[in-house]
Amino acid sequence: MSVRVYGINHIAIEVTDVEKAVAFYQDVFNLEKLDGGEGDAFFKVGEHQFLAIFEAAETRPERTRHFGLIVRDESQIGSTKYRLSV
């Protein structure tokens, strides 16, 4: 049984300089900044989507980045043969 995906909720990335990343996403893509604190920032990308940016001392490819998918029926996730965190 497959899980029906309706969209992407968010994408999370790491950067070495949040202020430069904020300037880039505002200047190049004209994204609306939703919130942010020390070392992070969030941008509205669509009606129900956002980009999360987190500052890291160094970015390393082996570290986990993630994205969130939108599903309507969470019970379908539990019925798959794959073990997922929800």
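Brief remarks follow.
- Computed over the stretch 1-76, the quotient of the alpha carbon radius of gyration and 2.2 N^0.38 Å is 1.25.
- Antiparallel DSSP beta bridges within the stretch 11-66, as percent of all bridges there, nearest 5: 70 percent
- Built amide H within the under 5 Å cut-off of VAL15, gap 5+: PHE54, GLU55, ALA56
- Here the Karplus curve 6.51 cos²θ - 1.76 cosθ + 1.60, taken at θ = phi - 60°, turns the phi angles of the stretch 56-63 into couplings of 10, 4, 8, 8, 10, x, 7, 7 Hz, with x standing for Gly and Pro.
No value in this document is a laboratory result; all are computed from the given coordinates. For clarity, every value in this text was computed on a predicted model and none was experimentally measured.
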